[in-house]
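Just below is one structure, and these are the notes that go with it.
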Amino acid sequence: MTAARPGRRRLLVGGAVATGLAALGVGWGMAGDTDHDGPEAPAAAPLVRRPRVAWVFGSGGPRGFVHVGVLRALDELGLEPDLVVGASVGALVGALRASGLSAQRIEALAMEVQPWRLARPAWTWPKRLSGVPVADWVREHAPQPRLERFPTPMVCVAQRVDDGEVVGFSRGDAGVAVQAACAIDGQFVPVRIRGRRYADADLRMPLPVRVARALGAERVLAVDASAHEDRAPPGAERYRETDLLKRALTRPDAELADVVLHPDFGYWAGSSRAYRERVISSGREATLATADRLRALHAR
């Protein structure tokens, strides 16, 4: 499979996924704009105890496979966080880890999952996708259904659509919280929680280190899954503005982290098996190369 250009480099892309779903005979669903207002609805709440070490996983679409490789290396090094914070695909991968899954199991899921399984057309929102299958997929694989019951505290970061406020969900239905964090602006139906709509925080805070710090994290490992715009190849000039905007949004948080991992696995993104293997391997190698600093970060 040919690697996708940056305009298509999110985890799921509206037109392509919708076309694929139609080809597979998947019907248009009414779901996608339910108001989650019951006791299971995600909520932002203080943590029970102050975290010492936080792992922060950023947005990045299919580049988010790098988080899987980072987790694999962190497991090999025997390191554990007191808090996991994630935005967009970082929330998806981070939630699986915080729920108790091993990095090896997460890698197996990452190699198996197909994009069409994580979305369906939303009949009530023309030209938008419903992320309900994302919530279902998380519930299917996470050992615990609620964030506050995870073995490791987890915060899924999303932005409130009406005022742009960045919110970190730490309680409630993990599937819905991840769905909200992954609701890509303009492509997915925003997720309604207690009457307010939430979407992907990529355009506000793609690397939410500030959320981890606000929750009291003393030390932070941040994993940046964005493109290396300074090494963009010929033909990528038209995407320069987007790359620079992403860097401007990422920089303030990267500067607040103690260790930042930003593996380089090539500019173009894709979803083929070879692409996934390369990105995961890059994340693992970059993490192991920083082993001494990471051990010091986690030292008691």
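Per the Kirkwood formula on distinct C-alpha pairs, the Rh of the stretch 116-249 is how many angstrom?
16.3
For Ile184, enumerate residues with amide H under 5 Å from its amide H, sequence gap 5+ or separate chain, H modeled in the peptide plane.
Asp200
Each residue of the stretch 191-205 in order: what ³J(HN,Hα) in whole Hz does its phi give by Karplus 6.51 cos²θ - 1.76 cosθ + 1.60, θ = phi - 60°, with x for Gly and Pro?
So the J values, rounded to whole Hz, are 9, 8, 10, 6, x, 10, 9, 10, 9, 3, 8, 4, 8, 10, 8.
In the stretch 143-167, which residues have a backbone nitrogen under 18 Å from the label point lying 7 Å from Ala45's Cα in the Cα-to-Cβ direction?
It comes to 144-158, 167, nothing else.
Amide H to amide H under 5 Å from Val155: which residues, 5+ apart in sequence or cross-chain, H placed 1.01 Å off N in plane?
Val84, Val85, Gly86
Per DSSP helix of 4 or more residues, -39500 (n - 2.57); summed, then divided by the residues of the chain. What does that give at 222 nm, rounded to the nearest 500?
Theoretical 222 nm ellipticity from helices: -10500 deg cm²/dmol.
Give the distance, in whole Å, between the Cα centre of the stretch 225-287 and the Cα centre of the stretch 59-133.
Value for the Cα centre distance between the two parts: 17 Å.
For the chain, what's the relative contact order in percent, using C-alpha pairs closer than 8 Å and at least 6 residues apart?
Once normalised by length, the contact order is 28 percent.
Let's test the formula: R0 of 30 Å, r as the Cβ-Cβ distance of His228 and Asp163. What FRET efficiency results, to the nearest 0.05?
Details: r = 33 Å, r/R0 = 1.08.
With R0 = 30 Å, the Cβ-Cβ based efficiency is 0.40.
Given the C-alpha atoms of the chain, compute the convex hull and give its volume per residue in Å³. Don't jump to the answer; show the numbers that get you there.
Numbers: hull volume 36.5 nm³, N = 300.
Once divided by residue count, the hull of the chain is 122 Å³.
Carbon and sulfur atoms: what percent of the 1.4 Å accessible area of the stretch 121-248 do they account for?
The value for the stretch 121-248 is 47 percent carbon and sulfur by accessible area.
In the stretch 90-130, with Lys and Arg counted as +1 and Asp and Glu as -1 at Cβ, which of these residues, Leu101, Gly90, Trp123, has the Cα nearest the positive end of the dipole, that is, farthest along it?
Trp123
With the calculation restricted to Cα positions, what are the radius of gyration and Dmax of the stretch 194-240 in angstrom?
15.7, 47
Which loop-located trypsin sites (Lys or Arg not before Pro) does the stretch 116-161 contain, where loop means any DSSP state but H, G, I, E or B and the Cβ has at most 16 other Cβ atoms within 10 Å? Walk me through the numbers on the way to the answer.
Working: sites: Arg117, Lys127, Arg128, Arg139, Arg146, Arg149, Arg160; in loops: Lys127, Arg128.
Those that pass, being in a loop and sparsely packed, are Lys127.
The values are calculated or read from the model by the stated rules, or taken from the named source; none is laboratory data. The structure presented is a predicted model; accordingly, all values stated were derived computationally and were not measured. A quick note on method: Cβ atoms are made from the backbone with ideal geometry, for glycine too, and the neighbour counts reach across all protein chains shown. Areas reflect the complete protein model, heavy atoms only, side chains present, ligands, DNA and RNA absent. Shrake-Rupley method; radii C 1.70, N 1.55, O 1.52, S 1.80 Å.
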